[in-house]
Amino acid sequence: MAQSLAAGEIKTLSPLILAHIGDGNVTLHPDSAVNHSTTAINPRAFDFPPDGNVTLHPVSAVNHSTTAINPRAFDFPPDEIKTLSPLILAHIGDAYFHLYVRTRLLQVTHNVNRLHDLSAQIVSATAQAKTYRAIENFLTDAERDIFRRGRNAKSHAPRKATVAEYHASTGFEALLGDLFLRKNFVRLDEICELAFKEAST
């Protein structure tokens with residue numbers, strides 16, 4: 001989902017910050033560029049008022065169809081989602097979590113080097129494995145099943161994480177990917193926010 005900032009605030013961001021966010025495939029829309037309110041585009045969109053205080057809009061503020069929010073949204077029938085490899089779900093979930101974390105960190109700093117370091121730390125396999133253990137009890141049985149499918153998928157761990165950590169992070173990302181493709185954005189953002197807070201502590 002596109003993150004929306006006030007047009008005046010976008011102009012104050014450095015080109016390197018825009019590139020950092022853009023690498024996660026996010027669009028920073030000026031309010032005048034869309035026919036919906038900021039909260040209609042993304043319930044967690046960041047509004048930057050002149051005094052610098054940030055307001056997170058509640059997820060209940062959205063009351064629009066997915067196609068009204070994003071005309072480029074992909075419609076995957078639920079039966080087709082079930083046939084996707086958990087590694088494909090993880091591929092989608094990894095992209096979304098990167099985007100969520102990079103945009104969420106704009107509340108913390110506008111220093112692009114700091115943004116890069118913090119986001120790399122939070123989205124690492126080690127951090128995601130730790131995060132999953134912390135939020136596991138918050139998940140439903142169906143969500144744990146999706147996690148297990150991703151965790152048990154055959155994949156090669158990178159050098160910076162143990163095999164167990166990498167498999168756990170794959171399971172976590174598969175869960176996010178499944179929620180994204182089902183357009184369950186409220187639940188997706190709840191889990192991402194929990195994960196962000198856990199990894200940030």
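The values are calculated or read from the model by the stated rules, or taken from the named source; none is laboratory data. Predicted model only: the values in this text are computed from it and were never measured. Glycine gets a Cβ as well: all are built from the backbone with ideal geometry, and neighbour counts include every protein chain shown.
Can you tell me which residues in the range 74-89 are of a type in the set (S, T, N, Q) and either in contact with a strand residue (DSSP E or B) (Cβ under 8 Å, 6 or more places away or on another chain) or part of a helix (DSSP H, G or I) (or both)? Spell out how you get there, then give the answer.
Step one: list which residues in the range 74-89 are of a type in the set (S, T, N, Q), which gives 83, 85.
Of everything in the range 74-89, just one residue is of a type in the set (S, T, N, Q) and either in contact with a strand residue (DSSP E or B) (Cβ under 8 Å, 6 or more places away or on another chain) or part of a helix (DSSP H, G or I) (or both), namely 83.
Read through the list (1) under 29 Å from residue 17 (Cα atoms); (2) over 18 Å from the mean Cα position of the chain (by Cα), then give the number of the only condition that residue 192 fails.
Condition (2) is where residue 192 drops out.
Restricting the search to the range 179-201, which residues are without any contact (Cβ under 8 Å) to a residue 40 or more places away in the chain and either of a type in the set (Ser, Thr, Tyr) or not in a helix (DSSP H, G or I) (or both)?
Hits for the range 179-201 are 184, 201.
Given (1) buried (at least 20 other Cβ atoms within 10 Å of the Cβ); (2) small (Gly, Ala, Ser); (3) within 23 Å of residue 13 (Cα to Cα), identify the lone condition not met by residue 90.
Exception for residue 90: condition (3).
Please go through the range 158-178 and pick out each residue that is more than 11 Å from the chain's Cα centre (by Cα), among the aliphatic types (A, V, I, L, M) and part of a helix (DSSP H, G or I). It would help to see each step written out before you state the result.
First, the residues of the range 158-178 that are more than 11 Å from the chain's Cα centre (by Cα): 158-172, 174-175, 178.
The next check asks that each one be among the aliphatic types (A, V, I, L, M); those that pass are 161, 163-164, 168, 174-175.
163, 164, 168, 174, 175 - these are the residues of the range 158-178 that are more than 11 Å from the chain's Cα centre (by Cα), among the aliphatic types (A, V, I, L, M) and part of a helix (DSSP H, G or I).
Would you please name the residue that is farthest from residue 80 (Cα to Cα), looking only at residues in the range 136-182 that are of a type in the set (Ser, Thr, Tyr) and surrounded by 12 or more Cβ atoms within 10 Å (Cβ to Cβ)?
Going through the range 136-182, the residues of a type in the set (Ser, Thr, Tyr) turn out to be 140, 155, 162, 166, 169-170.
Those still in the list that are surrounded by 12 or more Cβ atoms within 10 Å (Cβ to Cβ) too: 155, 162, 166, 169-170.
Values: 155: 22, 162: 32, 166: 26, 169: 23, 170: 20 Å.
If we take residues in the range 136-182 being of a type in the set (Ser, Thr, Tyr) and surrounded by 12 or more Cβ atoms within 10 Å (Cβ to Cβ), then 162 is farthest from residue 80 (Cα to Cα).
Consider residue 161 carefully, then state whether it is at pLDDT 95 or above and over 18 Å from residue 100 (Cβ atoms).
No, not satisfied.
So which residues in the range 131-156 are in contact with a helix residue (DSSP H, G or I) (Cβ under 8 Å, 6 or more places away or on another chain) and small (Gly, Ala, Ser)?
134, 150, 153, 155 - these are the residues of the range 131-156 that are in contact with a helix residue (DSSP H, G or I) (Cβ under 8 Å, 6 or more places away or on another chain) and small (Gly, Ala, Ser).
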